[in-house]
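Where a number appears in this text, it was derived from the coordinates with a stated rule and is not lab data. This is a predicted model, so every value here is computed, not measured. Backbone-built Cβ (ideal geometry, glycine too); neighbour counts: all protein chains shown.
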Amino acid sequence: MSLVAELIARLKPGGGADAFAIVEGATEFAQIDSVPTAMPAAYVMTLREASDENSRATGRVLQRLVSDIAVVIITSNLSDVPGSAVSSDIEDLKDWVRSRLIGFETPSSDDPIEHVSGELLKTKNGTVWFEDVFGAAGYLTENT
């Protein structure tokens, strides 16, 4: 299972304390026309990857790979005009995602998941899009 698939499974509804109506990947995120079909929604995808140089002088290649995984959170709340309800909702969802992912150890990562950054992507008509970025590290080796 890929790192992205493991994080989707960690956030997906069905674990009892569900925060999201849907949790999907990059393909589904790319298909959003204006808003997701259900909210709150989370979309998990690889944002960037960076590899260190080969750490071995002889023998097979061994490189540390650091992956930044984006979790885009989308929620809407039109219950108040100034928008304090949706502001509260997005903060609660950010806290929930972070509590589920920070320190999570996956089979496809050699280190626990860490939080890297967060950024507001868009707000419009009571809908907020927020991107949280998490880091994971593993190793690449030469196949023989």
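Summary of computed values
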| item | result |
| --- | --- |
| Residues A30 and N54, FRET efficiency given R0 of 35 Å [Cβ-Cβ distance, rounded to 0.05] | 0.55 |
| Set of region 110-144 residues, backbone N closer than 11 Å to the point 7 Å along the Cα-Cβ line of R64 | 111, 137-139 |
| Positive-end residue, the chain charge dipole about Cα centroid, Cβ charges, pick of L3, P40, F130 | L3 |
| Simple label model, 7 Å out from Cα along Cβ direction - S99 to R10, nm | 1.5 nm |
| Equivalent ellipsoid, the chain (semi-axes from 5 times Cα gyration tensor eigenvalues, Å) | 34, 14, 13 |
| Longest exposed-site-free window of the chain, the sites being trypsin sites (Lys or Arg not before Pro) in a DSSP loop that have at most 16 other C-beta atoms within 10 Å | 61-144 |
| Degrees separating the helix 84-101 axis from the principal Cα axis of the chain, which is the longest one | 20 degrees |
| Per-pair calculated FRET efficiency, R0 = 22 Å: A137 and H115 via Cβ, rounded to 0.05 | 0.95 |
| Helix-derived mean residue ellipticity, 222 nm - over the chain, DSSP H n ≥ 4, -39500 (n - 2.57), to 500 | -6500 deg cm²/dmol |
